[in-house]
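Enquirer: Below you will find the structure I want to go over with you.
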Amino acid sequence: MSNYYIKNLEEYFQIYRKSVREPENFWEEIAEEHFVWRKRWTNVMRWDFSKPEVVWFENAKLNITENCIDRHLHIRGDKTAILFEPNDPKEKVQHITYNELYERVCKMANVLKEQGVKKGDRVCIYLPMIPELAVTVLACARIGAVHSVVFAGFSSLALATRINDCDCKMVITSDGSNRGAKTIDLKSIVDTALEDCPGVESVLVVKRINSEVDMKEGRDQWLQPLLDKASSQNAAEIMDAEDPLFILYTSGSTGKPKGMVHSSGGYMVFTAYTFKNIFNYQENDVYWCTADIGWVTGHSYIVYGPLANGATTVMFEGIPTYPDHGRFWEVVEKHKVNQFYTAPTAIRALAKESLDFVDKYDLTSLKVLGTVGEPINEEAWHWYNNNIGRNKSPIVDTWWQTETGGIMISPIPYVTPTTPTYATLPFIGVQLALMDENGQELEGKQVEGRLCIKYPWPAMARTIWGDHKRYHDTYFSAYENMYFTGDGAKRDAVGYYRITGRVDDVIIVSGHNLGTAPIEDSINEHPAVAESAIVGFPHDIKGNALYGFVILKEIGESRKPDNLRKEINQQITEHIGPIAKLDKIQFVPGLPKTRSGKIMRRILRKVAAKDTSDLGDISTLLNPEVVEAIIKDAL
Ligand code: WTA
């Protein structure tokens, strides 16, 4: 019997050791006993990081939706699968049972098929956090179409780039979305995007806000009438374990986002197993992850991981501050939420407000609290622990990435003693390494280096859509035979890991990954801008905020600096989305560059952080004189 559920620290170490000593036996037992396969694998795994090639459950056949829905029907058909909490607290909550989810997913799958979507086709989903989003994701998986969910806060240009990169033939969207007191006109964003997407043949539109929208003849259709006509039975497409399940874009060091491709079999096994253990999910629990399905956290820990375990998963359409700062806690009380998973940035924002927003609600249902997406600082950790967990609910600080598919470092609640700001121990099957700058692995305790993973795990991304070389170069070329995460980390005296932050040119703002390159490209398109560089600087709510150093084309640019700043931010909003706006923009006469022309961001980071007492070695700079000018005018 495999052990699906870790009960104490000794057992954790025992299972961990087995997962490292005999990874194939370990994952084979988990896969065998806890999932439904249409055909068994011929080989558990095969790998070669030099290519890189990673195969899990070779030649096995399955459909992930049979694992997330069908197999639950006879044991928990009437249990709530998705609990939908609308943006407006006065609007009715929806309890979608496993039986109903089955029906809705089958109908949607049939609609997709009727509209000509076939196995392997890519479908772009640009929807708010409404049940149709989860249903559509699952319907794609049901028919073997590859879903590419684009967060509905991205601009039309960012959406078009993502649609074109993976040649989506269909887009599913809504008339609009509710965000607190505002509504956003999603359909018109899609319409603008599609002016540049010749490959898109059809658009299905969900009615959410009842707004007037333009429907393009021959391309756009309302979804509901199609669903009304569709059959509620659908035979799941049989997929190979290695068939792509979805593509999800993440930022990179060039302007082009990376479409991370995830597998069907390995992804399912790992997200389900991590979910069960890291949230200690019990049969009647209500679990709530506040992320958006537009990000990987929503894919793995709102949809696939919870549903594969037959859980009740809350889907929240709104924002933490609407109608007031108590919304999260009101929802926890209302649905008696047992596991609550959110981002440090949300905790920091709510911690700034009066405790009255917390204290008027009964939070005693909570058993496990989680955080994800960025390092959590001590103050936020203690606030969360004292006021939300009441010192009783363990906090799982979970480290992972879009690329890893599932949680890689985390405490096991009630098992691993926690330390504020530490993600603690590697999850089962995860073999970590810290590397120094010379490519040597740092052994032992109390060391700090670059975080790598030295052995495959089932949910790792298999490639970057359309660019396997970039996959290799980004993740597998820095260190031989290792996956390089892009993060720095330290290991303390007891072997706990603490993530210190990105060591590459990705900046995490409010838990969202932003690459410097696409933002700089956007700024540079402004007619008055010659060149720019952006860096992150510490921000008490967002974790990091963006600081732009901008060289203008003509000395004596006649427009007012504040107008230019607004225009630059407006442009970034159009190119990428409001999440990438700069908090500070400083106009500078030059950027500190090395003789080989590389911008020395280290110096800019110090200026942005107002910490210029020690700039380190600047002798390799081509233009040391600009440094002084930049410091003098720092904002
Ligand atoms: C950061 C989100 C510290 C990290 C699931 C990583 C974290 C990037 C943590 C991935 C954590 C995520 N502590 N940093 N618990 N979790 N990160 O792809 O820098 O959106 O590389 O995936 O977020 O962000 P992504």
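The values are calculated or read from the model by the stated rules, or taken from the named source; none is laboratory data. From a predicted model like this one, the values you see are computed outputs, not experimental measurements. Please note: Cβ atoms are built from the backbone with ideal geometry, for glycine as well, and neighbour counts cover all protein chains shown. Keep in mind that these areas ignore ligands, DNA and RNA; they rest on the heavy atoms of the full protein, side chains included. Shrake-Rupley method; radii C 1.70, N 1.55, O 1.52, S 1.80 Å.
Enquirer: Enter the Cα centre distance for the pair segment 285-313 and segment 82-98, rounded to the nearest angstrom.
Expert: One Cα centre to the other: 15 Å.
Enquirer: Exactly which trypsin sites (Lys or Arg not before Pro) in segment 386-475 are in a DSSP loop and have at most 14 other Cβ atoms within 10 Å? Could you put the intermediate results ahead of the total?
Expert: Working: sites: ARG390, LYS392, LYS445, ARG450, LYS454, ARG462, LYS469, ARG470; in loops: ARG390, LYS392, LYS445, LYS454, ARG462.
Those that pass, being in a loop and sparsely packed, are ARG390, LYS392, LYS445.
Enquirer: Here is a follow-up. Please enumerate, by chain and number, the lysines with C-alpha under 16 Å from the C-alpha of LYS187, excluding those fewer than 8 residues away in the same chain.
Expert: Leaving aside lysines fewer than 8 places away in the same chain, those within reach of LYS187 are LYS207, LYS216.
Enquirer: Next question. Within the accessible area of the chain, what % is carbon and sulfur when the probe is 1.4 Å and the other protein chains stay in place?
Expert: Reported share for carbon and sulfur atoms: 48 percent.
Enquirer: Related question: Where a ≥ b ≥ c are the square roots of the eigenvalues of the C-alpha gyration tensor, would you call segment 506-632 rounded, which needs a/c under 1.5, or, failing that, prolate if a/b is larger than b/c, or oblate? Spell out each step's value before the answer.
Expert: Values: a/c = 1.71, a/b = 1.17, b/c = 1.46.
It is oblate, given that a/c is not under 1.5 and a/b is not larger than b/c.
Enquirer: Please give, to one decimal in nm, the separation of the simple spin-label points placed at LYS39 and ASP614, each 7 Å out from Cα toward the Cβ.
Expert: Between LYS39 and ASP614, the label points sit 6.2 nm apart.
Enquirer: May I pose another question? Tally the DSSP beta bridges in the chain and give the antiparallel ones as a percent, rounded to 5.
Expert: Numbers: 58 of 98 bridges.
Around 60 percent of the beta bridges assigned by DSSP in the chain are antiparallel ones.
Enquirer: How would HIS262, HIS468 rank on accessible area, largest to smallest, probe 1.4 Å? Before the final figure, lay out each step's value.
Expert: Numbers: HIS262 0, HIS468 75 Å².
Of HIS262, HIS468, the descending order of accessible area is HIS468, HIS262.
Enquirer: Also, quick follow-up: Quote the relative contact order of the chain in percent (integer), defining contacts as alpha-carbon pairs under 8 Å separated by 6+ residues. Don't skip to the end; give the middle numbers.
Expert: Values: 1373 pairs, mean separation 76.5, N = 635.
Answer for the chain is 12 percent.
Enquirer: Keeping all protein chains in place, calculate the accessible area per residue for segment 9-472 (probe 1.4 angstrom), answer in Å².
Expert: Working: 16370 Å² over 464 residues.
Accessible area per residue: 35 Å².
Enquirer: For the chain, can you list the cysteines whose C-beta has no other cysteine C-beta under 4.7 Å from it?
Expert: CYS68, CYS106, CYS140, CYS166, CYS197, CYS289, CYS452
Enquirer: Apply the Karplus parameterisation 6.51 cos²θ - 1.76 cosθ + 1.60, with θ equal to phi minus 60°, to every residue of segment 116-123 and state each ³J(HN,Hα) to the nearest whole Hz, in sequence, with x for glycine and proline.
Expert: These are the phi-based 3J(HN,Hα) values: x, 7, 10, 3, x, 5, 9, 10 Hz.
Enquirer: In whole percent, what relative contact order does segment 27-174 give with Cα contacts below 8 Å and a gap of six or more residues?
Expert: Numbers: 208 pairs, mean separation 26.5, N = 148.
The normalised contact order for segment 27-174 reaches 18 percent.
Enquirer: Only sites in a loop by DSSP and with at most 14 other Cβ atoms within 10 Å count here; which trypsin sites (Lys or Arg not before Pro) in segment 28-129 make the cut? Write down the numbers at each step before the final one.
Expert: Working: sites: ARG38, LYS39, ARG40, ARG46, LYS61, ARG71, ARG76, LYS79, LYS90, LYS92, ARG104, LYS107, LYS113, LYS118, LYS119, ARG122; in loops: ARG38, ARG40, LYS79, LYS90, LYS92, LYS118, LYS119.
When the trypsin sites (Lys or Arg not before Pro) of segment 28-129 are filtered for loop state and at most 14 Cβ neighbours within 10 Å, ARG38, ARG40, LYS90, LYS92, LYS118, LYS119 remain.
Enquirer: Apply the Karplus curve 6.51 cos²θ - 1.76 cosθ + 1.60, θ = phi - 60°, to the phi angles in segment 83-89 and return the couplings in whole Hz, x for Gly and Pro.
Expert: Coupling constants for segment 83-89: 10, 9, 10, x, 4, 8, x Hz.
Enquirer: A further question follows. Please list, ordered by chain and number, the residues whose modelled amide H lies under 5 Å from the amide H of VAL149; skip anything fewer than 5 residues away on the same chain.
Expert: Those qualifying (amide H under 5 Å, at least 5 residues apart or on another chain) are ILE125, ILE247.
Enquirer: Moving on. Determine how large the accessible area of THR42 is when every protein chain is in place; take a 1.4 Å probe and give Å² rounded to the nearest 10.
Expert: 100 Å²
Enquirer: Kindly write out, for segment 603-620 in residue order, the coupling ³J(HN,Hα) from the Karplus curve 6.51 cos²θ - 1.76 cosθ + 1.60 (θ = phi - 60°), rounded to whole Hz, with x marking Gly and Pro.
Expert: Each residue's phi maps through the Karplus curve to give 5, 5, 4, 5, 4, 5, 8, 6, 9, 10, 5, 10, 8, x, 6, 10, 5, 8 Hz.
Enquirer: While we're on this one: So who's got an amide H within less than 5 Å of the one on MET239, skipping anything under 5 residues away but keeping other chains? H placed 1.01 Å off N, in plane.
Expert: Hits under the 5 Å cutoff: LEU62, ASN63.
Enquirer: Quick one: which residues, 5 or more positions from GLY370 or on another chain, have an amide H under 5 Å from its amide H? H modelled 1.01 Å from N in the peptide plane, none for Pro or chain starts.
Expert: Close amide H contacts, sequence-distant or interchain: PHE340, TYR341, THR342, VAL396.
Enquirer: Does the chain classify as rounded, prolate or oblate by the C-alpha gyration tensor (a ≥ b ≥ c root eigenvalues; a/c under 1.5 gives rounded; else a/b over b/c gives prolate, otherwise oblate)?
Expert: rounded
Enquirer: Within 10 Å of each candidate Cβ there may be at most 14 other Cβ atoms; applying that plus a DSSP loop requirement, which GluC sites (Glu not before Pro) in segment 276-344 survive? Can you show the working numbers first?
Expert: Values: sites: GLU283, GLU317, GLU330, GLU333; in loops: GLU283, GLU317.
Here the sparse-neighbourhood loop sites are GLU283.
Enquirer: Residues of segment 506-632: accessible area per residue at 1.4 Å, in Å²?
Expert: Working: 6070 Å² over 127 residues.
So segment 506-632 comes to 48 Å² accessible per residue, rounded to a whole number.
Enquirer: Still on this structure, please answer the following. According to the square roots a ≥ b ≥ c of the eigenvalues of the Cα gyration tensor, what is the shape class of segment 407-539, taking rounded for a/c under 1.5, prolate for a/b larger than b/c otherwise, and oblate for the remainder? Spell out each step's value before the answer.
Expert: Values: a/c = 2.05, a/b = 1.58, b/c = 1.29.
Taking the square roots of the gyration eigenvalues as a ≥ b ≥ c, segment 407-539 is prolate.
Enquirer: Please list 212-218, 16-22 highest first by mean number of surrounding beta-carbon atoms within 10 Å per residue.
Expert: Working: 212-218: 10.4, 16-22: 15.0.
Most protected by this proxy first, the peptides run 16-22, 212-218.
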